[in-house]
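No lab work stands behind these numbers, since they all come straight from the coordinates. Bear in mind that the values here come from a model prediction, so they are computed numbers and not experimental data. When we count neighbours, we look across all protein chains shown, and the Cβ atoms used for this are built from the backbone with ideal geometry, even at glycine.
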Ligand SMILES: [Zn+2]
């Protein structure tokens with residue numbers, strides 16, 4: 001019997017090694033920050049904090065003409081480059097996003113009114129005082145509803161990769177109230193990013 005028990009233990013140990021071995025190798029990769037391997041389309045490698053999100057993160061794409069290949073050639077840009085209408089900030093999937101100004105969540109005229117490129121759960125915040133709309137793109141979990149008033153510091157959504165070719169990030173865009181994407185303006189003033197490294 002002791003011999004049988006030893007053999008059973010040996011079989012068990014081998015099974016554990018076979019099953020758990022690859023997991024042990026895979027686990028650290030899976031839990032590594034998901035922003036490390038992606039492509040950035042700016043030279044700026046600094047991390048920035050902002051009242052709109054938790055933590056400090058790198059820019060992926062700035063507002064304006066960009067080398068990023070996801071946008072149609074734009075007449076405002078040289079060498080057939082496209083125009084990015086917001087700022088993309090790379091962050092881990094699920095990073096909490098907050099309102100940084102008092103605003104109202106806009107009721108969309110139709111489902112997907114912002115366009116599929118922003119993701120199915122993108123939404124617009126309107127500041128009547130500033131006459132501005134802020135588009136929050138690529139969210140999946142949204143904690144506010146159309147018509148809600150939001151206050152500074154309120155959690156509004158989580159960042160995701162919904163319709164985002166380059167991984168989870170916040171697309172932060174500012175337009176004149178009721179404006180289309182072609183009317184988007186430089187969002188830096190409202191993003192209030194602070195360099196952290
Ligand atoms: Zn973007």
**Message:** Which of the three applies to region 88-197, rounded, prolate or oblate, going by the alpha-carbon gyration tensor with a ≥ b ≥ c and a/c under 1.5 meaning rounded?
**Reply:** rounded
**Complete:** Across all Cα atoms of region 156-195, Rg and the largest Cα-Cα distance (Dmax), in Å, are 12.1, 31
**Fill in**
To the nearest 0.05, the calculated FRET efficiency linking residue 154 and residue 76 through their beta-carbon distance, R0 being 22 Å, is 0.05
**Asked** So if we plug the beta-carbon distance of residue 107 and residue 38 into 1/(1 + (r/R0)^6) with R0 = 35 Å, what FRET efficiency do we get, rounded to 0.05?
**Response** 0.55
**Asked** How would you rank 118-125, 79-86, highest first, on the average number of other Cβ atoms within 10 Å across their residues?
**Response** 118-125, 79-86
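Extension gain residue 145-residue 185, at 0.36 nm per residue separation less the Cα-Cα distance, in nm?
Length difference between fully extended and current span is 11.9 nm.
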